[in-house]
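Data first, discussion second: the structure below is written as structure tokens.
No lab work stands behind these numbers, since they all come straight from the coordinates. Remember, it's a predicted structure, so these values are computed and weren't measured experimentally. Here the Cβ positions follow ideal geometry from the backbone for every residue, glycine too, while neighbour counts run over all protein chains shown.
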């Protein structure tokens with residue numbers, strides 16, 4: 001028996017993604033490695049930016065944080081929810097955020113930097129709005145911890161929504177290793193826990209919104225539309241294959257070596 005060749009339009013791979021099926025999630029090794037390399041550069045750049053800003057901020061006596069941090073329920077300062085994640089109040093503050101930010105950010109980005117950018121925008125908005133609406137008046141909020149929790153939430157649910165066992169394993173390991181982080185989701189004096197909760201919710205939401213949407217495969221092919229001018233078949237009515245459909249069938253059998 002002849003071995004089957006690549007199917008039509010498969011580009012030589014002969015693989016068809018199927019909706020509702022679990023995928024090991026490795027993909028093409030070279031592509032995954034290239035995206036992981038991009039993710040590494042992106043996170044190194046992200047950390048470089050916030051540390052450079054912290055140096056400038058420290059030299060200016062935290063003026064940047066005061067001017068561009070979140071002022072709850074101040075409409076004129078609402079755009080500052082976009083700048084606040086890049087600013088910190090002290091060296092201890094930025095040091096505490098840098099490690100988790102790099103780890104979770106890299107894991108969130110290694111499957112695609114473009115999707116990671118969209119996830120980042122969403123968690124910045126959800127964490128920032130949560131702080132803006134609910135934190136104490138006359139306070140200033142800043143720091144990347146809301147984004148850290150956003151990445152954390154995204155990593156934990158991405159494998160489930162994308163049906164990738166490897167990503168599910170990564171999410172479970174991260175949840176176990178950083179379980180102590182959940183303690184700062186509860187009210188603490190001097191900690192913007194509202195931003196943490198908002199970021200976590202945004203990360204989970206991002207896992208759903210930006211999940212992989214695979215085309216239907218053999219288990220559920222889309223219904224073919226009838227030729228122009230031909231009425232669709234009704235239940236119980238036999239329809240003979242047209243010349244075009246027979247030619248396509250012969251072509252597929254020929255491609256398969258049958």
Roughly how many Å is it from the Cα centre of the range 157-177 to that of the range 39-90, as a whole number?
30
Pairs of alpha-carbon atoms within less than 8 angstrom and 6+ residues apart define the contacts here; what relative contact order does the range 29-209 have, in percent?
26
Potential lengthening between residue 60 and residue 211 on full extension [0.36 nm per residue; Cα-Cα distance subtracted]
50.1 nm
Taking 7 Å along the Cα-to-C-beta vector as the label spot, tell me the residue 40-residue 160 distance in nanometres, rounded to one decimal.
3.2
Looking only at Cα atoms, what is the convex hull volume of the range 29-209 per residue, in Å³?
105
